[in-house]
C-alpha cells in the first residue's frame with residue numbers, strides 16, 4: 001500500500017544479510033551520535049541539534065540510495081526542512097512559544113519525512129492520508145527498534161571457518177557480555193554502596209554509577225527514537241498504517257450548496273458591518289481593547305481556519321460531477337470573497353493593538369499565523385477553482401513550515417526589544433494611546449538571548465526609574481545594577497561548544513561590554529521602582 005498517486009508497490013524482495021544489518025547499525029550509530037552531542041549539556045540545544053539533523057538527513061538518504069530505492073522528493077524536502085529547523089536553534093534563540101513551535105515542526109518533519117522517504121506521492125495525498133502518515137511515524141517509535149532487532153541477521157554472527165571457530169565464539173560471547181554488565185552492574189552498585197565500593201576497587205576506577213545509569217537511560221531513549229525513525233525510513237512496508245481515505249464523495253450540489261450558501265450569506269452580513277470600521281481605522285465606541293481586538297482577533301482567525309476546513313470537506317464529500325460545475329465554484333467564491341474582508345478586519349485589529357501596546361511574542365506569532373492562513377486560503381481558492389483540491393494539504397503544510405522559518409529568521413526577540421525601546425525613546429502617542437509607554441526590562445529579559453543586544457545598548461533608558469512610593473509593590477522597572485547582574489548571570493559564562501548558538505555569542509559580547517555592577521552581591525535581585533514621568 002502506498003500513498004495515493006504513488007507507484008503501486010515498492011519491491012519487497014528478500015534482502016541479503018548485510019542489508020538487513022544496516023538499519024539497526026544505522027539507528028545505533030545515530031543514537032550514539034545523539035548521546036555524544038547532548039550528554040552533559042543539561043538538555044540545551046544549539047549546534048548539536050543542527051549537526052544531528054544534518055547527519056540523519058545524509059545517512060538515511062544515502063542508505064535509501066544504496067538499497068536501490070531512490071528517495072522521494074517529498075521525503076527529502078521534509079528532512080531538509082527538519083535540518084533547517086535544527087539550524088534555527090543554532091543561529092537564533094527562539095522566544096519560548098516560538099521555540100516550542102519550532103521543536104514541534106522539527107519533530108513533524110523528521111517523522112513525516114522518514115515515513116515518505118521511500119514512498120512518493122505525498123504531494124498528491126489528501127489531508128487524512130497525510131495525517132495518517134504523521135500518526136504512523138509516531139507509532140513507529142513505539143515498536144521500530146524491536147523490529148530492527150528482530151530483523152538483524154544474528155545467525156550470521158559466527159565464524160566462517162573451523163580454524164578461528166573457538167576465538168570467534170569467545171569474541172561473540174564477549175560482545176554479548178558487555179551490554180549485560182553495562183546494565184546490571186550499575187543497577188546493583190546503586191542498590192548497595194558496599195558493592196559499589198568493591199566494584200570500584202576491583203576495577204581501580206573512579207566510576208560514578210549514578211551518572212552511568214543516567215547515561216545508559218539516555219542512550220536507550222535515543223535508541224528508541226532513532227530506531228523508530230530509521231524503521232520508517234528504511235524498512236516500513238508502507239508510509240501509513242491507516243487505510244487510504246476515499247477519493248470520491250457522494251453528495252450532490254444541493255446537499256453541499258445549501259450550507260455553503262448559508263455560510264456565504266453570514267460572512268457577507270458580517271463583512272458589511274466591518275467595512276465602516278475598516279475605513280474608520282479606530283476602536284469602535286464603547287468597546288475595550290480586550291473585547292474588540294485581542295479576543296476578536298483570535299475568533300476571526302478561528303473562523304478563517306475553520307472555513308478552509310469546511311471548504312475542503314465539502315469538496316471531498318461532493319461527487320466529481322458536482323465539483324466541476326460552475327455553480328460549485330461560484331459557491332466557493334461566495335464564501336471566500338467576504339472572508340477577505342474578515343481577514344482585513346483581523347489585520348486591522350492587530351495593527352490597532354500594536355499601536356496601543358507595542359509588540360509582544362503573542363502579537364508576532366499572531367501576525368505570522370494571519371500570514372499563513374491568508375496564504376493557505378489563497379492556495380485553497382486556486383485548487384478549488386482548478387478542481388485540484390486533493391493536492392491542497394502538502395503545499396499548505398510547506399507554507400506553514402516556511403512561515404515559521406521566516407518568522408524565526410526575523411529574530412522576534414530582537415525585533416520586539418527594538419520596537420518597544422524605540423517607542424519608549426520616541427514617547428509614542430496616538431489615537432489608541434494618550435500616554436507614552438515604557439519598555440519593561442523584565443519582560444524583554446524573558447524573550448531570551450535575541451533581545452540582549454538591544455537591552456544592553458539601551459540600559460540607561462530601561463533603568464531610568466524613580467523610587468517606588470510603595471503603592472503597588474510591583475517591580476515595573478529594574479535598577480541598573482540588578483539588570484546588569486541579571487545579564488551577567490545568564491550570558492557572561494561560555495557555553496559548551498556543542499550547545500553554541502550565534503544568539504548567545506552575541507548576547508555574551510554585549511553583556512561583557514557592560515560595566516561591572518557595584519554594590520554587595522547580597523543586594524535584592526530586583527529594585528522596586530516605577531517609571532519616571534517624561
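Below is a table of values for the structure above.
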quantity: Which listed residue is without any contact (Cβ under 8 Å) to a residue 60 or more places away in the chain, assigned to a helix (DSSP H, G or I) and closer than 19 Å to residue 92 by Cβ, from 401, 415, 405; calculated: 415
quantity: Residue that is at pLDDT below 90, crowded, with 18+ Cβ neighbours inside 10 Å and in a helix (DSSP H, G or I), where the choices are 376, 354; calculated: 354
quantity: Leading residue by the ranking (nearest to residue 65 (Cα to Cα)) among those in segment 239-260 that are crowded, with 19+ Cβ neighbours inside 10 Å and within 27 Å of the chain's Cα centre (by Cα); calculated: 239
quantity: Residue in segment 47-64 that is within 26 Å of residue 416 (Cβ to Cβ) and under 16 Å from the mean Cα position of the chain (by Cα) present; calculated: yes
quantity: Hits in segment 435-474 - residues which are in contact with a strand residue (DSSP E or B) (Cβ under 7 Å, 6 or more places away or on another chain) and at pLDDT below 70; calculated: 465, 466, 467, 468
quantity: Sole residue being surrounded by fewer than 24 Cβ atoms within 10 Å (Cβ to Cβ), touching a residue at least 24 places away in the same chain (Cβ under 8 Å) and either in contact with a strand residue (DSSP E or B) (Cβ under 8 Å, 6 or more places away or on another chain) or assigned by TED's automatic domain parsing to the domain that holds residue 55 (or both), chosen from 111, 86, 132; calculated: 132
quantity: Output for segment 179-235, where each listed residue is out of contact with any helix residue (DSSP H, G or I) (no Cβ under 7 Å at 6 or more places or on another chain) and either modelled with pLDDT of 85 or more or outside the structural domain of residue 55 (by TED's automatic domain parsing) (or both); calculated: 217, 220, 221
quantity: Qualifying positions in segment 357-368 - closer than 14 Å to residue 423 by Cβ, part of a helix (DSSP H, G or I) and either at pLDDT 90 or above or under 22 Å from the mean Cα position of the chain (by Cα) (or both); calculated: 363
quantity: Selection count, segment 379-397, where residues are surrounded by fewer than 18 Cβ atoms within 10 Å (Cβ to Cβ) and over 26 Å from the mean Cα position of the chain (by Cα); calculated: 5
quantity: Given (1) farther than 30 Å from residue 246 by Cβ; (2) surrounded by 13 or more Cβ atoms within 10 Å (Cβ to Cβ); (3) at pLDDT 90 or above, number of the condition residue 269 does not satisfy; calculated: (2)
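One line per residue, one yes/no per condition, for (1) within 23 Å of residue 97 (Cα to Cα); (2) touching a strand residue (DSSP E or B) at 6+ places or on another chain (Cβ under 9 Å):
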position	(1), (2)
328	no, yes
342	no, no
357	yes, yes
371	yes, no
377	no, no
386	no, no
399	yes, no
421	yes, no
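The values are calculated or read from the model by the stated rules, or taken from the named source; none is laboratory data. Remember, predicted model here, so these are calculated numbers, not experimental data. A quick note on method: Cβ atoms are made from the backbone with ideal geometry, for glycine too, and the neighbour counts reach across all protein chains shown.
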